[in-house]
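Peer 1: Structure provided below as structure tokens; questions to follow.
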Amino acid sequence: MSDASHYIPLTGSYTLADCEFLLQEVNIQPLSIAEKETLLQNGDVHYSKIISNETEPSQTYLETFYTLVEAYADRLAAEIKLLAKQIFEAKGECITLVSLARAGTPIGVLLTRALKQYYTQNVKHFSISIVRDRGIDTAALAHIQAAGYPAESIVFVDGWTAKGVINRELKTAIAHWNSTHDYCIGDELCVISDLSGNAQWIATTDDYAIPSGVLNSTVSGLLSRTLMLDNMTGFHQCIMYQHLKTHDLSNWFIDQVSQRFSTVPTAVNTVDRTWRITRQKIVAAYMQTIMARYNITDINKIKPGVAEATRVMLRRVPRLLILRDSQSSDIAHLKVLAHEKNVALIEDPNMPFSAIALIENIKT
């Protein structure tokens, strides 16, 4: 990261008013999905050190995305308005949204627009990196502190929770940060859908197809997932998928949802807080069931929820797709991917998620 006098904000394909990524753009050679999976499963490298390329989605898959946007843009707009209301009531006039790149980025952009439209202009949205087993980007937190944003104004934003891994990573990382800094930050997480029973501000507990969870970089500002490369200082890293620029739908998606703020009512908060502990137990028990049923020793090879299952189908080597209801419109895009990648799918009507993807064992 260069010094502050030469700092140039990274915005991806968003505007600076919508999002500022506290990341460094780097040039590294992307691997194929198969190459990446082999390295990961052999334990040769941590996932934050490597990246695979992304390709444009097929026309069939894109059509399922457009269908989901049409089906859920009103609902998402209403839920964004609910979260904006909750955040404003908790934080007041000065709000610093810190989304967790990439899944949290589009949600952070939408919240920024909703907060500015209805509550306060004093809103800033940063998108930063958090990496499983490695923690949060402390250089990014230091940048936010140095820029003068009050610690009490910070709200962490993600798209959803699944098993609750990133939420636990966040709490651990912030506890460590607070133990070594006077700039003490809250560790509460804001999400659209809380499937694991872990987030603080939530709009729903439904496992539905949030449209921004269906695509990768082309709905997240054209940035890759984040990296922590060796011998790098400053912010965590990313690459830009410039070859997908003509396929970018990031701002189109934001506009499709935000233009509906004025036409839909704010969603009603119907979540019973006692649900959390019950849900945590249900999720933990079902994970154990799946591990036993499919002889899985690494829980990270189980990705529950529509969005996480989608990421497996797009970025990993999938072993099996499990659906609660194969006729549900929420998983139509997953069936397209399963067909394109020749992945077997089965139904389990009793599981507590709409979809689960298992990652293939390919150790050499």
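The values are calculated or read from the model by the stated rules, or taken from the named source; none is laboratory data. The structure displayed is predicted, hence computed values, not measured ones. FYI the Cβ positions are ideal-geometry reconstructions off the backbone, even for glycines, and counts take in every protein chain you see. Heavy atoms of the whole protein, side chains included, go into the accessibility calculation; ligands, DNA and RNA do not. Shrake-Rupley method; radii C 1.70, N 1.55, O 1.52, S 1.80 Å.
Peer 1: Give me the pairs: first residue in the stretch 269-291 and under 15 Å from Lys303 (Cα atoms), second residue among the hydroxyl-bearing types (Ser, Thr, Tyr) and open to solvent by less than 60 Å² (accessible area, probe 1.4 Å), beta-carbon distance under 7 Å, and six or more apart or on different chains, which are they?
Peer 2: Pairs that qualify, where the first residue is under 15 Å from Lys303 (Cα atoms) and the partner is among the hydroxyl-bearing types (Ser, Thr, Tyr) and open to solvent by less than 60 Å² (accessible area, probe 1.4 Å), are Val283/Ser196.
Peer 1: If a residue counts only when it is among the aliphatic types (A, V, I, L, M) and over 20 Å from the mean Cα position of the chain (by Cα), which strands (runs of 3 or more DSSP E) contained entirely in the stretch 254-364 have at least 2 such residues?
Peer 2: Numbers: elements: 302-304, 318-323, 345-347, 355-359.
Where strands (runs of 3 or more DSSP E) fall fully within the stretch 254-364 and carry at least 2 residues being among the aliphatic types (A, V, I, L, M) and over 20 Å from the mean Cα position of the chain (by Cα), they are 318-323, 345-347.
Peer 1: Restricting to the stretch 172-194, what's the tally of residues that are crowded, with 17+ Cβ neighbours inside 10 Å and small (Gly, Ala, Ser)?
Peer 2: Residues meeting the conditions: 2.
Peer 1: Suppose the filter is over 16 Å from Met351 (Cβ atoms) and open to solvent by less than 60 Å² (accessible area, probe 1.4 Å); does Ala307 pass it?
Peer 2: Details: over 16 Å from Met351 (Cβ atoms): no; open to solvent by less than 60 Å² (accessible area, probe 1.4 Å): yes.
For Ala307, the condition - over 16 Å from Met351 (Cβ atoms) and open to solvent by less than 60 Å² (accessible area, probe 1.4 Å) - is not met.
Peer 1: It is to be established whether one or more residues within the stretch 137-149 are in contact (Cβ under 8 Å) with a residue 12 or more places away in the chain, surrounded by fewer than 24 Cβ atoms within 10 Å (Cβ to Cβ) and under 22 Å from Thr204 (Cβ atoms).
Peer 2: Within the stretch 137-149, not a single residue is in contact (Cβ under 8 Å) with a residue 12 or more places away in the chain, surrounded by fewer than 24 Cβ atoms within 10 Å (Cβ to Cβ) and under 22 Å from Thr204 (Cβ atoms).
Peer 1: While we're looking at this one, here's another question. Among the residues of the stretch 92-107, is there at least one that is small (Gly, Ala, Ser), under 29 Å from Trp201 (Cα atoms) and surrounded by fewer than 18 Cβ atoms within 10 Å (Cβ to Cβ)?
Peer 2: Quick first cut of the stretch 92-107, residues small (Gly, Ala, Ser) only: 92, 99, 101, 103-104.
Pick out the ones that are also under 29 Å from Trp201 (Cα atoms) and you get 92, 99, 101, 103-104.
Cutting the leftovers down to surrounded by fewer than 18 Cβ atoms within 10 Å (Cβ to Cβ) gives us 92.
Yes: the stretch 92-107 contains one or more residues that are small (Gly, Ala, Ser), under 29 Å from Trp201 (Cα atoms) and surrounded by fewer than 18 Cβ atoms within 10 Å (Cβ to Cβ).
Peer 1: Which of the residues spanning the stretch 278-310 are polar (S, T, N, Q) and more than 22 Å from Val191 (Cα to Cα)? I'd like the intermediate steps shown before the answer.
Peer 2: Filtering the stretch 278-310 down to residues polar (S, T, N, Q) leaves 278, 280, 288-289, 295, 297, 300, 310.
The answer is Gln288, Thr289, Asn295, Thr297.
Peer 1: Can Ala284 be described as open to solvent by 10 Å² or more (accessible area, probe 1.4 Å) and under 20 Å from Ala103 (Cβ atoms)? Reasoning before the result, please.
Peer 2: On the way: open to solvent by 10 Å² or more (accessible area, probe 1.4 Å): yes; under 20 Å from Ala103 (Cβ atoms): no.
Answer is no for this residue.
Peer 1: A further question on this structure: Of the conditions (1) in contact (Cβ under 8 Å) with a residue 60 or more places away in the chain; (2) part of a helix (DSSP H, G or I), Pro57 fails just one. Which one is it?
Peer 2: Condition not satisfied by Pro57: (2).
Peer 1: Mind counting the residues in the stretch 20-45 that are in contact with a helix residue (DSSP H, G or I) (Cβ under 6 Å, 6 or more places away or on another chain), under 17 Å from Ile239 (Cβ atoms) and either among the polar types (S, T, N, Q) or open to solvent by 20 Å² or more (accessible area, probe 1.4 Å) (or both)?
Peer 2: Let us first name the residues in the stretch 20-45 that are in contact with a helix residue (DSSP H, G or I) (Cβ under 6 Å, 6 or more places away or on another chain), namely 22, 40, 45.
Of the ones still in play, those that are also under 17 Å from Ile239 (Cβ atoms) are 22, 45.
Imposing the further condition that a residue be either among the polar types (S, T, N, Q) or open to solvent by 20 Å² or more (accessible area, probe 1.4 Å) (or both) reduces the set to 45.
Of the residues in the stretch 20-45, 1 are in contact with a helix residue (DSSP H, G or I) (Cβ under 6 Å, 6 or more places away or on another chain), under 17 Å from Ile239 (Cβ atoms) and either among the polar types (S, T, N, Q) or open to solvent by 20 Å² or more (accessible area, probe 1.4 Å) (or both).
Peer 1: Keeping to the stretch 46-84, report how many residues are buried (at least 21 other Cβ atoms within 10 Å of the Cβ), over 19 Å from Val306 (Cβ atoms) and among the charged types (D, E, K, R).
Peer 2: Qualifying residue count for the region: 2.
Peer 1: Further question: Of everything in the stretch 208-266 that's open to solvent by 30 Å² or more (accessible area, probe 1.4 Å), hydroxyl-bearing (Ser, Thr, Tyr) and more than 30 Å from Lys85 (Cβ to Cβ), which residue is modelled with the lowest pLDDT?
Peer 2: Thr233
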